[in-house]
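Okay, structure first, notes after.
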Amino acid sequence: MNLYRQLIALTDRQTRAAARLTADLGGGTWQAESQSGRSLILRGQGEAGKRVFYDTAGGQILAPAPEADITDIAV
């Protein structure tokens, strides 16, 4: 087992946030609105009007998000 790869796997963390998809821009690209009201461009699969979790560093849609209020708590 490569120790370097194990270390990277432990420290490589995605920063997630939630957004609502507002429009399909085509080619797997979506216009979205963050919880703070900021306009975003995200990549991946989704459906207009639905909430998703996305990677804040790369703008990649990760998974569907629940239709509930989400609060970020720093730990």
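Couple of notes before you dig in:
- Around the amide H of residue 62, modelled in the peptide plane, lie the amide H atoms of 53, 54, 55, all under 5 Å away and 5 or more residues distant in sequence or on another chain.
- Entry note, the chain: relative contact order of 26 percent, from Cα contacts under 8 Å with a spacing of 6+ residues.
- Filtered trypsin sites (Lys or Arg not before Pro), region 5-75: DSSP coil and at most 16 other beta carbons within 10 Å: 13, 38, 50
- Sites residue 75 and residue 50 - FRET efficiency at Förster radius 35 Å, r taken between beta-carbons, to 0.05: 0.80
- Label zone (residue 67, point 7 Å along Cα-to-C-beta; backbone nitrogen cut-off 18 Å) within region 35-50: 35, 46-50.
- Simple point charges give the picture: +1 on the Cβ of Lys and Arg, -1 on the Cβ of Asp and Glu, and for the chain a dipole about the Cα centre of about 200 debye.
- Overall dimensions of the chain by Cα: Rg and Dmax, Å: 14.4, 45
- Within the shell defined by Cβ-Cβ distances under 15 Å, the residues around residue 26 carry a net charge of -1, with Lys and Arg each +1 and Asp and Glu each -1.
- Antiparallel bridge percentage (DSSP; both residues within the chain; nearest 5): 95
- Computed [θ] at 222 nm, helices only, for the chain once each DSSP H run of length n ≥ 4 contributes -39500 (n - 2.57): -3500 deg cm²/dmol
- Using θ = phi - 60° and Karplus 6.51 cos²θ - 1.76 cosθ + 1.60, couplings along region 31-42 (whole Hz; Gly, Pro as x): 8, 9, 10, 6, 4, 7, x, 6, 7, 10, 10, 10
Read the figures in this text as sums done on the coordinates, not as results from a lab. For clarity, every value in this text was computed on a predicted model and none was experimentally measured. Note: ideal-geometry Cβ built from the backbone for every residue, glycine included; neighbour counts use all protein chains shown.
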